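Below is one structure; the comments refer to it alone.
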Amino acid sequence: MALMDFIKKQFIDIIQWTEDDDGTLAWRFPMRDLEIQNGGTLVVRESQMAVFVNEGKVADVFGPGTYKLTTQTLPVLTYLRNWDKLFESPFKSDVYFFSTRQQVDQKWGTPQPITIRDKDFGAVRLRAFGNYAYRVADPKLFHTEISGTRAAYTVGELDGQLRGLVLQNISNAIASSGLPFLDLAANQIMFADALAKELQPAFAKVGLQLEAMTVQNLSLPEELQKILDQKIGMGMVGNDMGKFMQYQTAQSIPKFAEGAGSGGGGIAGDAMGLGAGVALGQVLAQNLQQGLQGGAPASAGSGAAPAAPASAPMAGVRPEDVMATLEKLGDLKAKGILTQEEFDAKKVELLKKLV
């Protein structure tokens with residue numbers, strides 16, 4: 001044995017971990033065939049724990065503090081080595097340090113929409129993402145189940161496994177919450193609590209403790225969101241299909257007018273846009289006229305009594321309503337949606353209502 005090796009062995013009497021880098025969960029003290037001296041010092045800082053492993057078996061676990069290594073401070077190791085009195089010779093044992101700090105801002109999210117049952121929609125596909133925080137709570141279990149004898153084990157190496165656990169339990173969390181999608185989106189804290197409750201046992205099995213879970217967003221894929229927006233629009237008009245169609249028509253006219261006037265679609269495209277715009281303009285004019293008439297009979301052939309004189313139904317038409325309608329029709333004509341002939345015909349028809 002070289003003299004320097006002997007000297008090194010004699011002076012390895014302090015075992016500690018300064019934890020210079022973030023993201024390390026487990027770190028093995030570099031023994032390099034060296035031995036721990038009798039009466040050596042073990043320093044375990046706050047937010048750390050240390051584990052002694054002898055011949056592949058976890059012997060003793062130490063929390064934060066400073067320890068003088070004797071048979072009194074290493075009871076399990078003393079029993080394994082059959083020391084019945086204070087050991088005086090050096091001994092070999094692997095020492096692992098574990099960081100018990102919270103590992104914060106760990107991201108999770110659904111790479112693809114997941115399908116769940118929903119009370120309102122039957123079945124929906126949704127996306128979700130957020131973050132979570134955890135810590136090592138049982139270093140002995142974490143050592144035997146995850147980190148093993150490696151020199152170091154980092155947060156990044158565990159990230160994929162934990163994300164998989166989160167995604168695996170999303171459906172169960174939604175089912176246990178008992179809330180439909182719309183209520184989940186409005187109560188993200190409740191959903192996060194339900195998800196954390198589902199995940200706690202899975203984390204505990206590998207020596208981890210889930211400290212926080214947040215849901216930052218819960219949404220539908222774009223195509224389903226459009227359908228939901230239409231359903232919301234129907235609800236805003238009292239599920240009246242006629243009013244909804246009027247609303248859709250009014251929303252579509254500017255788009256057709258823009259397409260017809262842009263000149264970027266060629267002659268055929270302009271003609272199609274103009275033709276569709278004229279048709280929509282006629283529908284809008286009819287809808288406006290129906291609104292002015294307010295409650296006209298739905299069908300002339302339904303067996304109802306003969307119609308009253310023409311002036312009777314028009315008694316409630318106000319001049320300002322007619323003028324407002326003419327202004328709207330004038331805007332349609334100015335945009336090229338209505339022809340001059342169509343505008344003149346509607347103007348005559350509306351002016352007759354004032355006579």
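The values are calculated or read from the model by the stated rules, or taken from the named source; none is laboratory data. All figures in this text were calculated on a predicted structure; none of them were measured in a lab. The accessibility values were calculated without ligands, DNA or RNA, using every heavy atom of the protein model including side chains. Shrake-Rupley method; radii C 1.70, N 1.55, O 1.52, S 1.80 Å.
What order do Lys346, Lys107, Lys353, Lys57 take when sorted by accessible area (1.4 Å probe), most exposed first? Could the numbers behind the result be given before it?
Values: Lys346 55, Lys107 95, Lys353 30, Lys57 130 Å².
From most accessible down to least: Lys57, Lys107, Lys346, Lys353.
Long-range amide H contacts for Ile15: which residues qualify at under 5 Å (H placed 1.01 Å from N, peptide plane, sequence gap of 5 or more or a different chain)?
Long-range HN contacts for Ile15: Thr41, Leu42, Val43.
Please tell me which of these pairs span more than 21 angstrom C-alpha to C-alpha: Lys328/Lys352; Lys107/Lys140; Lys328/Lys353?
On the way: Lys328/Lys352 18 Å; Lys107/Lys140 26 Å; Lys328/Lys353 17 Å.
Listed pairs above 21 Å: Lys107/Lys140.
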